[in-house]
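Chemist: Have a look at this one before I ask anything.
The values are calculated or read from the model by the stated rules, or taken from the named source; none is laboratory data. Predicted model only: the values in this text are computed from it and were never measured. Using ideal geometry, Cβ is built from the backbone for each residue, glycine included, and neighbour counts are taken over all protein chains shown. All accessible areas refer to the heavy atoms of the entire protein, side chains included, with ligands and DNA or RNA removed. Shrake-Rupley method; radii C 1.70, N 1.55, O 1.52, S 1.80 Å.
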Amino acid sequence: MDKSFSEITSLIKQTRINTLKIVNAELINLYWNIGQYIYTKIEEASWGQSIVKQLANHIQETEPDLKGFSDKNLWRMKQFYEAYKDFPKLSPLVREINWTNNLIIFSRSKTAEEKEFYLKICKQESYSKRELDRQISASLFERTMIGNSKLSPVLREIDSEIINTFKDNYIFEFLNLPESHNESDLQKGLVNQMKNFILELGKDFLFIDEEYKLQVGNSDFYIDLLFYHRGLQCLVAFELKTDKFKPEHLGQLNFYLEALDRDVKKQNENPSIGILLCKDKDNEVVEYALSRSLSPTLVSEYKTQLPDKKLLEKKLHEIFESKTELE
């Protein structure tokens, strides 16, 4: 009986994989066709950047449940089509990996040969986004070409790792399903409790989103918590790190603030604020990230209306202790 049960389990797993592959291929087909349409219209000089923006607004207004069709994403689809339209042998390959990995490959690869190399190895080795990015940064293509390095011929077994290859956020977004992220359960629990605590601080904080997606170039970044502060009339981004404070954490948060001010902030609003919350096993650190363009008067006003650092550190300690006790 155990063998029969295992066979049924294998059938279920294989069907899940096949279903995700089909959905992924159809999504890539859609992006390709949209990119081709926009490319053709622009080449005919009948469309410009303003029209693409209007298209994105039209989709948002008429079909609010359709996600993933911002003007930035529409331009990415055009770039995607442009990258491969003259290379028909690569067209089938792009449909065999997810959209996020496609974005990384066509934006970071310089030649058709390099694109083909990463498309093939990405499929063969079931690379995650992080692993693909790491291999490109490590110049795997150049090292392989120069040194004739042998690539691993072993394909991974059909298991959750291959399923995860197609668990792309864009698939979840397109199907209007909850997005899947890789943060630990502990991290998610901390973020959720911190969100509730911020909302309890007072009516000035309006919750916007958790894991708020920022699009910068062909890369996506996620802010743990994003609020709007009515009194300060600005966006407030919270980043929570379950490790020791590092200066690069603030650098990352400042990068998010610049993107928020450029792409999200309205003209009548003040520069965005960042609040970094770090907790390791020994202590808690809370740091504010403020725009360098702020006047001393506005900086002072921000600090009087923002939650006190000591209060945040105390709450972070309480939340962390309560979560780890339950682990």
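Chemist: Among the GluC sites (Glu not before Pro) within the stretch 1-70, which fall in a DSSP loop and have no more than 14 other Cβ atoms within 10 Å of their own Cβ? Can you show the working numbers first?
Modeler: Details: sites: Glu7, Glu26, Glu43, Glu44, Glu61; in loops: Glu44.
Passing sites in the stretch 1-70 are Glu44.
Chemist: Any idea how far apart Ala112 and Ile22 come out in nm if each label point goes 7 Å out from Cα toward Cβ?
Modeler: In this crude label model, Ala112 to Ile22 measures out at 3.3 nm.
Chemist: Positive end of the charge dipole of the stretch 28-99 (Lys, Arg +1 and Asp, Glu -1 on Cβ, about the Cα centre): tell me which of Pro64, Ile42, Leu90 has its Cα farthest that way.
Modeler: Leu90
Chemist: What is the spread of the Cα atoms of the stretch 250-300 along each of their three principal axes, largest first, in whole Å?
Modeler: 42, 25, 14
Chemist: List, in order, the whole-Hz ³J(HN,Hα) value for each residue of the stretch 257-267 obtained from phi through the Karplus relation with A = 6.51, B = -1.76, C = 1.60 and θ = phi - 60°; use x for Gly and Pro.
Modeler: Listing the rounded values in order: 5, 4, 5, 4, 5, 7, 10, 10, 4, 7, 4 Hz.
Chemist: Based on Cβ point charges of +1 for Lys and Arg and -1 for Asp and Glu, what charge dipole magnitude is obtained for the stretch 1-101 about its Cα centre, in debye rounded to the nearest 20?
Modeler: Value, rounded to 20: 260 debye.
Chemist: Could you derive backbone 3J(HN,Hα) for the stretch 294-311 from the dihedral phi with the Karplus parameters 6.51, -1.76 and 1.60 (θ = phi - 60°), listing whole Hz in sequence and x where the residue is Gly or Pro?
Modeler: 6, 6, x, 5, 5, 4, 5, 5, 4, 5, 6, 9, 7, x, 5, 4, 4, 5
Chemist: State the extension gain, in nm to one decimal, for the chain segment bounded by Met145 and Ala45, taking 0.36 nm per residue of separation less the distance between their alpha-carbons. Display every interim value, and only then the final one.
Modeler: On the way: separation 100, 0.36 × 100 = 36.00 nm, distance 4.08 nm.
So the extension gain works out to 31.9 nm.
Chemist: How do Ile8, Ile223 stack up against each other in accessible area, from largest to smallest, with a 1.4 angstrom probe?
Modeler: Ile8, Ile223
Chemist: With a ≥ b ≥ c taken as the square roots of the eigenvalues of the C-alpha gyration tensor of the stretch 209-320, please select rounded if a/c is under 1.5 and otherwise prolate if a/b is larger than b/c or oblate if it is not? The partial results should precede the final answer.
Modeler: Working: a/c = 1.86, a/b = 1.23, b/c = 1.51.
Because a/c hits 1.5 or more and a/b fails to exceed b/c, the stretch 209-320 counts as oblate.
Chemist: Given a Förster distance of 25 Å, report the FRET efficiency between Lys310 and Ile208 from their Cβ-Cβ distance, rounded to the nearest 0.05.
Modeler: Rounded to the nearest 0.05, the efficiency is 0.45.
Chemist: Here's a follow-up. Take the alpha carbon gyration tensor of the stretch 2-47, find the square roots of its eigenvalues, order them as a ≥ b ≥ c, and report rounded if a/c is under 1.5; if not, report prolate when a/b exceeds b/c, else oblate.
Modeler: On the way: a/c = 12.15, a/b = 10.51, b/c = 1.16.
Since a/c reaches 1.5 and a/b is larger than b/c, the shape of the stretch 2-47 is classed as prolate.
Chemist: While we're on this one: In the full protein assembly as shown, how much of Ile105 is accessible to a 1.4 Å probe, in Å² to the nearest 10?
Modeler: 0
Chemist: Looking at the stretch 198-253, which trypsin sites (Lys or Arg not before Pro) are in a loop (DSSP not H, G, I, E or B) and have at most 16 other Cβ atoms within 10 Å?
Modeler: Details: sites: Lys203, Lys213, Arg230, Lys241, Lys244; in loops: Lys203, Arg230, Lys244.
Taking the stretch 198-253 and a limit of 16 other Cβ atoms within 10 Å, the loop trypsin sites (Lys or Arg not before Pro) found are Lys203, Arg230, Lys244.
Chemist: I need the shape label for the stretch 1-99. Rule: rounded when a/c is under 1.5, else prolate if a/b > b/c, else oblate, with a, b, c from the alpha carbon gyration tensor.
Modeler: oblate
Chemist: So how do Arg262, Arg130 rank on accessible area, 1.4 Å probe, biggest first, that is with the largest at the start?
Modeler: Values: Arg262 145, Arg130 195 Å².
The ordering from most to least exposed comes out as Arg130, Arg262.
Chemist: Okay, next question. Would you kindly find the accessible area of Lys13, with a 1.4 Å probe and non-protein molecules such as ligands, DNA and RNA excluded, rounding to the nearest 10 Å²?
Modeler: 90
Chemist: What residues qualify as long-range amide H neighbours of Ile273, i.e. H under 5 Å apart, gap of 5 or more or another chain, H built at 1.01 Å from N?
Modeler: Leu235, Val236, Ala237
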